Amino acid sequence: MTPPRRKRREPKPAPPPPPPPPSAPKTAGGEPEPKNPERLYTVAGSEDGVRAELDLVTLIVARSAPQPGASPEQAAVLRLCGAPLSVAELSAYLSLPFSAMTVLITELITAELVQARAPIVRQALPDRSLLEAVMHGLQRL
């Protein structure tokens, strides 16, 4: 009796590579087409060039509702800032760069439609007297 012959396993063919992700439209030179620089200029079209000193963590709070003649970006900032939001969050929500966001917020501050506040800083260590009061209260129980 002859032993059965083993069949050799052939490697499975590799799956085809996934299609490349869709890329941005290209110009005639093969460079990616810019998103829309004119829009940023209209958003950040400040005449005097003066900006408020804003940081990424500066909190912005709306003082009033959007005006009927406000730009879409200004109205969006006023709607979003019912509760305090940082400049970084506003920039991300509106898909605007930080520089354009600072110009937009500066215009709203000068029109007194929003208020800029420093971020809330938490104390590194709790107050010792408070901890002692809590400890004595727990010991009395």
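Points to keep in mind about this one:
- Distance between the modelled labels on residue 129 and residue 9, one decimal in nanometres: 7.6 nm (7 Å Cα→Cβ projection).
- At a probe radius of 1.4 angstrom, the accessible area of segment 73-133 per residue rounds to 60 square angstrom.
- When all protein chains stay in place and ligands, DNA and RNA are ignored, the 1.4 Å accessible-area order of 113, 131, 108, largest first, is 131, 113, 108.
- For the residues 109, 120, a 1.4 Å probe over the protein chains yields an accessible-area ranking, largest first, of 120, 109.
- Ligands, DNA and RNA aside, residue 57 has an accessible area near 80 Å² when probed at 1.4 Å.
- By accessible area with a 1.4 Å probe, ligands and nucleic acids excluded, highest first: order of 101, 135: 135, 101
- Each residue was assigned an accessible area with a 1.4 Å probe, and for residue 117 the value is about 100 Å².
The values are calculated or read from the model by the stated rules, or taken from the named source; none is laboratory data. All values derive from a computational prediction rather than experimental measurement. Cβ sites come from the backbone with ideal geometry, for glycine too, and all protein chains shown count toward neighbours. For accessibility, only protein heavy atoms count, side chains too; no ligands or nucleic acids. Shrake-Rupley method; radii C 1.70, N 1.55, O 1.52, S 1.80 Å.
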